[in-house]
Amino acid sequence: MTGSPNSNEELRQLFARHVPEVAAGIVEIVSVVREAGRLLVAVRSHDSSVHPVSACVGKHGEHLKSISRELDGEKISIVLWSESLENFILNALMPFGPVSGMPRVTLDAAKHQARVEVTPETLTYFSGEHGLRVCLASRLVGWDVRLVAKEEVS
């Protein structure tokens with residue numbers, strides 16, 4: 001491929017070329033974000049016998065490796081889309097590192113904001129890279145995701 005795809009539609013077509021389940025419409029690419037050499041893709045399956053993340057990754061990561069090569073080595077993370085916004089937010093954060101300590105997600109629909117309570121260690125980790133990890137997750141789910149440190153319960 002000459003050059004990297006610039007639009008979400010071009011990225012969807014790239015996945016369809018490399019992932020048979022995407023080409024067949026069994027696995028749907030729900031959301032895509034791309035920034036700073038990272039591509040984050042949310043997927044869901046229309047067939048309960050096909051796990052969408054596994055289908056996109058492929059055996060031994062073959063599908064992702066092929067797609068990454070066409071994107072000049074860009075890092076690709078596939079996340080499971082969920083009808084539950086809380087679960088989708090947590091899934092969107094997972095590729096970036098452990099979200100440990102049973103985080104609690106609180107939604108503020110009026111502000112279109114999600115507050116995720118995490119351990120202080122998790123908050124420190126996600127603050128790295130100028131908050132890029134949380135920014136990408138926010139863009140993927142379409143909500144302003146904010147991480148806050150849990151208060152320790154004594």
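The values are calculated or read from the model by the stated rules, or taken from the named source; none is laboratory data. Computed from a predicted model, the values in this text were never measured in an experiment. Neighbour counts run over all protein chains shown; Cβ positions are idealised from the backbone, glycine included. Side chains are part of the model used for accessible areas, which takes the heavy atoms of the whole protein and leaves out ligands, DNA and RNA. Shrake-Rupley method; radii C 1.70, N 1.55, O 1.52, S 1.80 Å.
Could you report the accessible area of Arg12 in Å², rounded to 10, computed with a 1.4 Å probe on the protein chains as they sit in the structure?
Here the residue's solvent-accessible area equals roughly 70 Å².
Calculate the translational D of the chain in whole µm² s⁻¹ from Stokes-Einstein, where the hydrodynamic radius comes from the Kirkwood formula applied to all Cα pairs, the temperature is 10 °C and the viscosity 1.306 mPa s.
Answer from the Stokes-Einstein relation: 97 µm²/s.
Based on DSSP H runs of at least 4 residues, each adding -39500 (n - 2.57), what is the mean residue ellipticity at 222 nm of the chain after dividing by all its residues, to the nearest 500 deg cm²/dmol?
-10000 deg cm²/dmol
Quick check for me: using +1 on Lys/Arg Cβ and -1 on Asp/Glu Cβ, what's the dipole size of the chain about its Cα centre, in debye to the nearest 20?
So the dipole magnitude of the chain works out to roughly 140 debye.
Give a quick list of GluC sites (Glu not before Pro) in region 1-91 that DSSP marks as loop, anything other than H, G, I, E or B, with at most 13 other Cβ atoms within 10 Å.
Glu83
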